[in-house]
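The values are calculated or read from the model by the stated rules, or taken from the named source; none is laboratory data. From a predicted model like this one, the values you see are computed outputs, not experimental measurements. Every residue, glycine as well, gets a Cβ built from its backbone with ideal geometry; the counts of neighbours run over all protein chains shown.
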Amino acid sequence: MRALLLASTLAASLSFAQTSRGGCVADDAAGLPEGPVAVGLGLADFGTGRRACARTEVGLGVRGAGIIDTPNFYGNVGAQGVLFGSFALRPTTELFASLEAVSFGFTQNATLTTTQLTFGHLTAGATQVVYGLERLTGAITGRLLLPTSFEVPGMRLVGAEVGHTFSFRPNGWLEVHGAVGAEVTAAVGAARSDPRFGGFLLGGASLQPVSWFAFVLDVTGRVGRVSSLAPAAGLRFRIASFGIDVGGTLPVVGNDRHDFAATARFSWRF
């Protein structure tokens, strides 16, 4: 009798697998965030990858990052309040945007201390599914960094990123994802623009034992003037169409000076 009850409970927990859409999250887990952990070490959301599946949602979040370099008498701690959203133009096409509505920064070195509260970065982009199999979905994606940030006095940062992302769901409780991309950023203003080129490669997986919870583990490698190899972990929850996504990352290899970056995001899916 106990064995029958256990089997019945497990079948109920994993029943959402029967309604999955290719590599996308199952229909009855629709509020659960999906794709890579939404935190990175680059500008705005550059280098974080992107989910392959289109969805319509709105949300808000907070992101924090810090550099504590005591031997060189330098420290920088920042936090941003983020508004984000996406619109599924078609089942295979998504438009998305993310705005750092407020950006706070505190910097201290051996001689100076500065505090800044200003408008942050705005990114906008699109994702287009280019292939979809029974359990696999792949898409091309791109985003622009628009010149809205006042973080650098007298300069505006611009950029672009293009890449490929995929989601593979071999069963109802495991999803494997990956992304590869290239980016360019530059400063627009009176001084030299100093364009910077880079790229990233991301791989990870999401363990989803029930329709309302998932654990995500990713690894991202970045190359360019600033390079890093950074693991990331995240916890995801849903209550009906409401999703909660918390995660963090830190570089373990490379010349990136961050000691940590973390995010908490809250979304509503339509």
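Couple of notes before you dig in:
- Yes/no for GLU94 being at pLDDT 95 or above and either in contact with a Pro (Cβ under 6 Å, 6 or more places away or on another chain) or surrounded by 23 or more Cβ atoms within 10 Å (Cβ to Cβ) (or both): yes
- Being touching a Lys or Arg at 6+ places or on another chain (Cβ under 7 Å), without any contact (Cβ under 8 Å) to a residue 60 or more places away in the chain and not in a loop (DSSP other than H, G, I, E, B) is a condition met by at least one residue of region 111-124.
- Reported count of residues in region 72-87, each being within 9 Å of LEU60 (Cα to Cα) and either among the aromatic types (Phe, Trp, Tyr) or surrounded by fewer than 18 Cβ atoms within 10 Å (Cβ to Cβ) (or both), is 4.
- So ASP259, is it surrounded by fewer than 16 Cβ atoms within 10 Å (Cβ to Cβ), acidic (Asp, Glu), in contact with a Gly (Cβ under 7 Å, 6 or more places away or on another chain) and within 19 Å of ALA79 (Cβ to Cβ): yes
- Selection status of PHE197, in contact (Cβ under 8 Å) with a residue 12 or more places away in the chain, surrounded by fewer than 17 Cβ atoms within 10 Å (Cβ to Cβ) and not small (Gly, Ala, Ser): yes
- Test for PHE166: is it of a type in the set (Phe, Trp, Tyr) and farther than 26 Å from LEU229 by Cβ: no
- The one condition from (1) more than 14 Å from ARG222 (Cβ to Cβ); (2) in contact with a Pro (Cβ under 8 Å, 6 or more places away or on another chain); (3) at pLDDT 80 or above that VAL37 does not meet is (2).
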